[in-house]
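Asks: Below you'll find the structure I mean.
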Amino acid sequence: MINQSVDQAAVDNLLVNFDGLKFKSIKIGDDSFKIITNLSCSQLFKSSVDHDGDAIDSREVGLNSPSDLTPGVYEGGFKVWECSRDMVQFINDDLQLTGTINCLDLGCGSGIVGICLLKSIEGSVDFQDFNQNVLINYTLPNILVNCKQSSVNETWEKLSPRVNFISGDWSNFPKTKRYDYIFSCETIYNQDNYPKLVDILTNCLTPNGCAYFAAKSYYFGVGGGVQQFSDFLVDKQLTIEEIKVFPDCVERIIVKITIKQS
Ligand SMILES: C[S@@+](CC[C@H](N)C(=O)[O-])C[C@H]1O[C@@H](n2cnc3c(N)ncnc32)[C@H](O)[C@@H]1O
């Protein structure tokens, strides 16, 4: 099931309990973000539901997991991954987007990329994660605390017309809206998902729109990576080019994807 917006009861619950949340600051270039740290705040979990509508406890999905993700159950949303920091830096230093544009943070997790956009553009930002639980208990509080100017209720009133939340597998991503920009970080580790990602890009970008993916050159033990994704796009209606490389033990890369003009 796709949730175009998060459950209102969960939002209300979050607003009431907002003062009890704790955040840490992370610095990315000249920008800084607050990221929620007390995910086990039990009030919030009461109304958590996963993308299939079943009650679920985040502590079972992700937080106490020995691994960073459990394929098909929890895909790593409760963590700020390295490449999302690269993307924020790239957006702030190189893209510097403004104006009324529609953006998608595909596989948003913490939401720092979408939050960075919300602060600079005037249009909408849609936040997508596999787990609705992540969107309610991690992405949304992060959005609220980072965009908060007055009270949290007023902040949400102003922001809610500009943000949408979409949960579920990419194979069910709604093809009802087109985006000027799609951003996606650390999402090409699993080659099984490439057809789903291509389908979203092909159907959801505006004709002149573009997508930026930030990823490691190779995901050891998983099999995906930038070259693998690039190879997969060869015979598709999409072009891909390397935009920025972050040299490290495992190189990190930002690629730009556009629709082939016929
Ligand atoms: C490794 S996390 C990265 C999170 C965030 N972008 C970051 O860099 O910090 C992968 C993200 O992709 C999403 N994701 C992975 N596979 C997915 C799938 N098959 N369908 C929908 N979302 C998926 C996860 O929910 C998660 O948000």
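Asks: Please work out whether the range 151-262 counts as rounded, prolate or oblate from its C-alpha gyration tensor, where a ≥ b ≥ c are the square roots of the eigenvalues and a/c under 1.5 means rounded, while otherwise a/b larger than b/c means prolate and anything else oblate?
Replies: prolate
Asks: If you don't mind, there's one more thing I want to ask. Using a Gaussian network model on the chain with a 10 Å cutoff between Cα atoms, which of Phe229, Phe220, Phe18 fluctuates the most?
Replies: Judging by the Gaussian network model, the answer is Phe220.
Asks: For Ser110, Ser25, what's the fewest-to-most ordering of other Cβ within 10 Å of each Cβ?
Replies: With the sparsest Cβ surroundings first, the list reads Ser25, Ser110.
Asks: Additional query: Once you have a ≥ b ≥ c as the square roots of the Cα gyration tensor eigenvalues for the range 212-254, tell me rounded if a/c is under 1.5, and otherwise prolate or oblate according to whether a/b is larger than b/c.
Replies: Oblate shape, in that a/c is at least 1.5 and b/c is the bigger or equal ratio.
Asks: While we're looking at this one, here's another question. If you build a Gaussian network model of the chain, linking Cα atoms that sit under 10 Å apart, which residue out of Asn102, Asn190, Asn131 swings the most?
Replies: For the chain, modelled as a Gaussian network with Cα springs under 10 Å, the answer is Asn190.
Asks: Could you work out the relative contact order of the chain, using alpha carbon pairs under 8 angstrom and six or more residues apart, expressed as a whole percent?
Replies: Normalised by residue count, the contact order of the chain is 17 percent.
Asks: Provide Asp31, Asp126, Asp19 in ascending order of the number of other Cβ atoms located within 10 Å of each residue's Cβ, fewest first.
Replies: Ranking Asp31, Asp126, Asp19 by Cβ neighbours within 10 Å, fewest first, gives Asp19, Asp31, Asp126.
Asks: Could you name the lysines whose alpha carbon sits less than 26 Å from that of Lys256, not counting residues in the same chain fewer than 8 places away?
Replies: Filter leaves Lys27, Lys79, Lys119, Lys175, Lys177, Lys196, Lys216, Lys236, Lys244.
Asks: Another question, if that's okay. Return Val255, Val234 ranked ascending by Cβ neighbour count within 10 Å, so the fewest neighbours appear first.
Replies: Least crowded to most crowded, the residues run Val234, Val255.
Asks: Using a 10 angstrom cutoff on alpha carbons, build the Gaussian network for the chain and name the most mobile of Val73, Val226, Val125.
Replies: Ranking Val73, Val226, Val125 by mean-square fluctuation puts Val73 first.
Asks: I'd like the distance separating the alpha-carbon centroids of the range 96-161 and the range 15-33, in whole Å.
Replies: First find each Cα centre; the distance between them is then 13 Å.
Asks: Still on this structure, I have one more. Taking Rh as the Kirkwood radius computed over C-alpha pairs, what is the Stokes-Einstein D of the chain at 25 °C in a medium of viscosity 0.890 mPa s, expressed in µm² per second?
Replies: 132 µm²/s
Taken together, the values in this text are just the output of simple stated rules run on the coordinates, not laboratory data. Keep in mind it's a predicted model, so treat the numbers as computed, not measured. Backbone-built Cβ (ideal geometry, glycine too); neighbour counts: all protein chains shown.
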